[in-house]
Amino acid sequence: MLLSTLDWIIVFAFFIISLLIGLYAAKSAGKSASEFFLSGRNMPWWLLGVSMVATTFSCDTPNLVTDIVRQNGVAGNWAWWAFLLTGMLTVFIYAKLWRRTQVLTDLEFYEIRYSGKMAAFLRGFRAIYLGVFFNIMVMATVSLALTKIGAVMLQWPAVQTLVISMAITAVYSTIGGFKGVLLTDFFQFFIAMLGSFWAAYYLLDLPQVGGLQNLLSHSAVSPKLSMLPDFADSDALITLLILPLAVQWWSVWYPGAEPGGGGYIAQRMLSAKNEKGAIAATLFFNVAHYALRPWPWIIVALASLIVFPDIPSIQQAFPNVAPQLIRHDFAYPAMLSFLPSGLIGLVVASLIAAFMSTISTQVNWGSSYIVNDFYQRFINPQASEKQLVAVGRWSTVILMVLTCLFALVLENALQAFNILLQVGAGTGLIFILRWFWWRINAYSEMAAMAISFLVALYLELIHPALGFAPIGNVSKLLLGVGITTVGWIIVTFLTRPTDTATLRSFYKLVKPGGPGWQKVVEEAQKDNEPLETANSKGWDVPVGILCMLIGTLLVYFALFAVGNWIYGNYGLASLLTVGVAITSFILIKLWSKLQMDETQPAPQQKISI
């Protein structure tokens, strides 16, 4: 398949617009580190929400969904649908808490919540661990997907695809900063969504597929349609539904779905105008991410089961592509090869848009860690704003180069997804509780991170190398969660707590409330240093948890309603749609009871070195 002149014009126009947006944002991006990484903390909620959705819609996401659907059916998507619980918890509990911290990056949290040298070490270590190593793994997964798309749609080798796409992304990311990322995300999101919906609509009419009804009734597709696993199959039920909903969502750290919020999601909450804006942005993100976006990819994945029933059929259709690149996730770009001129150009542009929005966000976020939490904190505390922006731009380029190198050793998206889940297994609970239990300290977090990494290293590499019997993914996850959780709890009680002054300062700033801080509040009262005043409002976390549950039902109702409308189950679809309306009404009523500050606070003073 070769792109026509019209296709190349569309792709070229997309690149030009993206670069122009970056140039426009560059006027303010170089003023200070706060402008470069948070755009002055003055961004509207709708722009931040769209940016969150655009960032999580990477070009590897359709490939991952295709891989899941082909192997485990539509129900296999519970592996990531379950993270909605984490997302809604962030919306109604943690979004406003993050906004109150007024930090530049979420890693600054460590030195306002914990004390001592371990807090500083943890901040610096995670800046490199997450901002460089973990970040590169995530970006390499995204880049791997782009190389497969390039192999099919552009007929480019992997190196050429990576060099060209990374170079263009580097230009607007380095000159435009975070504002450039947000504005290009907004433009790229609509291009990406238009491309995915239009592609799904066209591919349904392929002669091999024969329309929606023929797709749904086809013998290769009908067993894969259920949105819930077979309850008679205990293994599938545990793996696809029970484990994700009961354990995975709160126990596993995964980029974009961090328990308690974090990473580039926290970056956007911190750049909101106020607490209300942070909540609205994350709510929009979760609704769009889970309820609206997956179905075009699912339809294409199901259609691919007819056109390419197995991996050998894909290899036969693309004999010039390296065999190690062709896995089930390759079926998505393989299906796109059937698109006509004009549409293929739009889809190529949409997938490049998805890639660029994710990479630009990841490198800006990772660079913020390198600059704020490592370089300025430990290397050059007196660095000028101009120096900080320069280091941010250079680190952006270096991260991209390292990503390209690592991307060439990965084979498929699901492989990387499972590795990331395993490495983060057991760390999630600590990110939820550290806001509401005073006893958690820096040693707790260090232990959780170290133990989860060592357990993952053993389970993924050492155990197979020793020749022992294979361990299933369910057992791996449960082992990782269990060992890590027990380990960090033991370390918490064996080490000294955070010093009193830091705990009281954190409480005054963030106002977390709840029984987990009662001892700190009572001791401060005895020392005539009240942490709560007569004007202090009651603890609204129970209301937030209720909002989380109602919001989760709303999104799941919407997700299944769309699916059943597509499947032609109109009765059930109607009931689910009514459920969406009812839960929306209840959520609006409950929202008014949450305590939100709609003012825009002054930035917090920098921690003295």
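The values are calculated or read from the model by the stated rules, or taken from the named source; none is laboratory data. Owing to the predicted nature of the structure, the values given are computational and were not obtained by experimental measurement. All Cβ positions, glycine included, derive from the backbone under ideal geometry; neighbour counts span all protein chains shown.
Residues that are in contact with a helix residue (DSSP H, G or I) (Cβ under 6 Å, 6 or more places away or on another chain) and without any contact (Cβ under 8 Å) to a residue 12 or more places away in the chain within the stretch 354-399 comprise just one, 383. Residues of the stretch 1-38 that are of a type outside the set (A, V, I, L, M), in a helix (DSSP H, G or I), over 14 Å from residue 267 (Cα atoms) and modelled with pLDDT under 75: 22, 27, 28. Within the stretch 387-415, if we keep just the residues that are in a loop (DSSP other than H, G, I, E, B) and not β-branched (Val, Ile, Thr), the residue that is modelled with the lowest pLDDT turns out to be 412.
For (1) at pLDDT 95 or above; (2) surrounded by 17 or more Cβ atoms within 10 Å (Cβ to Cβ); (3) out of contact with any Pro (no Cβ under 6 Å at 6 or more places or on another chain); (4) assigned to a helix (DSSP H, G or I), each residue gets a yes or a no:
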{"position": "571", "(1), (2), (3), (4)": "yes, no, yes, yes"}
{"position": "574", "(1), (2), (3), (4)": "yes, no, yes, yes"}
{"position": "583", "(1), (2), (3), (4)": "yes, yes, yes, yes"}
{"position": "589", "(1), (2), (3), (4)": "no, no, yes, yes"}
{"position": "596", "(1), (2), (3), (4)": "no, yes, yes, no"}
{"position": "605", "(1), (2), (3), (4)": "no, no, yes, no"}
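Answer yes or no as to whether residue 297 is free of Cβ contacts under 8 Å to residues at least 12 places away in the same chain and of a type in the set (Phe, Trp, Tyr). Criteria not met by residue 297. Among the residues of the stretch 320-329, are any closer than 30 Å to residue 213 by Cβ and part of a helix (DSSP H, G or I)? Yes, there is a match, as at least one residue in the stretch 320-329 is closer than 30 Å to residue 213 by Cβ and part of a helix (DSSP H, G or I).
Residues that are over 24 Å from residue 282 (Cα atoms) and surrounded by fewer than 22 Cβ atoms within 10 Å (Cβ to Cβ) were ranked within the stretch 104-116; the one that is modelled with the highest pLDDT is 111. When every residue of the stretch 39-53 is checked against the conditions, at least one turns out to be among the aromatic types (Phe, Trp, Tyr) and either within 23 Å of residue 151 (Cα to Cα) or at pLDDT 70 or above (or both). Of all residues in the stretch 499-512, those that are in contact (Cβ under 8 Å) with a residue 40 or more places away in the chain have Cβ atoms under 6 Å from Cβ atoms of residues that are assigned to a helix (DSSP H, G or I) and among the charged types (D, E, K, R), 6 or more apart or on another chain, in 506/113; 510/100.
So that you can scan it fast, the table gives a plain yes or no per residue for (1) more than 30 Å from residue 492 (Cβ to Cβ); (2) surrounded by 24 or more Cβ atoms within 10 Å (Cβ to Cβ); (3) touching a residue at least 40 places away in the same chain (Cβ under 8 Å):
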residue: 102; (1), (2), (3): no, no, yes
residue: 118; (1), (2), (3): no, no, yes
residue: 124; (1), (2), (3): no, no, yes
residue: 132; (1), (2), (3): no, no, yes
residue: 151; (1), (2), (3): yes, no, yes
residue: 155; (1), (2), (3): yes, no, yes
residue: 158; (1), (2), (3): yes, no, yes
residue: 167; (1), (2), (3): yes, no, no
residue: 173; (1), (2), (3): yes, yes, yes
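Yes/no matrix, rows are residues, columns are (1) in contact with a Lys or Arg (Cβ under 7 Å, 6 or more places away or on another chain); (2) closer than 20 Å to residue 348 by Cβ; (3) in contact (Cβ under 8 Å) with a residue 24 or more places away in the chain:
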site: 194; (1), (2), (3): no, yes, yes
site: 199; (1), (2), (3): no, yes, yes
site: 207; (1), (2), (3): no, no, no
site: 210; (1), (2), (3): no, no, no
site: 213; (1), (2), (3): no, no, yes
site: 220; (1), (2), (3): no, no, yes
site: 223; (1), (2), (3): no, no, yes
site: 233; (1), (2), (3): no, no, no
site: 236; (1), (2), (3): no, no, yes
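Taking residue 451, is it part of a helix (DSSP H, G or I), under 22 Å from the mean Cα position of the chain (by Cα) and modelled with pLDDT of 85 or more? Criteria not met by residue 451.
With the requirement that a residue be in a helix (DSSP H, G or I), surrounded by 15 or more Cβ atoms within 10 Å (Cβ to Cβ) and out of contact with any helix residue (DSSP H, G or I) (no Cβ under 7 Å at 6 or more places or on another chain), what does the stretch 190-236 give you? Answer for the stretch 190-236, where residues must be in a helix (DSSP H, G or I), surrounded by 15 or more Cβ atoms within 10 Å (Cβ to Cβ) and out of contact with any helix residue (DSSP H, G or I) (no Cβ under 7 Å at 6 or more places or on another chain): 193, 212, 236. Using beta carbons and a limit of 7 Å, which pairs, at least six apart or on different chains, have the first residue in the stretch 80-95 and in contact (Cβ under 8 Å) with a residue 60 or more places away in the chain and the second one of a type in the set (Gly, Ala, Ser) and assigned to a helix (DSSP H, G or I)? That search, which allows pairs on different chains as well, returns 88/551; 91/551; 92/544; 92/551; 93/544; 95/278. Checking every residue in the stretch 522-539 against the condition of being surrounded by fewer than 15 Cβ atoms within 10 Å (Cβ to Cβ), within 32 Å of the chain's Cα centre (by Cα) and part of a helix (DSSP H, G or I) gives zero matches. Checked against the criteria, residue 248 counts as outside any loop (DSSP other than H, G, I, E, B), polar (S, T, N, Q), touching a residue at least 24 places away in the same chain (Cβ under 8 Å) and touching a strand residue (DSSP E or B) at 6+ places or on another chain (Cβ under 9 Å). For the stretch 432-445, the tally of residues that are part of a helix (DSSP H, G or I) and surrounded by fewer than 20 Cβ atoms within 10 Å (Cβ to Cβ) stands at 1. The single residue among 332, 290 that is modelled with pLDDT of 85 or more, in contact with a Pro (Cβ under 6 Å, 6 or more places away or on another chain) and assigned to a helix (DSSP H, G or I) turns out to be 332. Every condition in (1) hydroxyl-bearing (Ser, Thr, Tyr); (2) crowded, with 23+ Cβ neighbours inside 10 Å; (3) within 20 Å of residue 513 (Cβ to Cβ) is met by residue 55 except one, and the failing one is (3).
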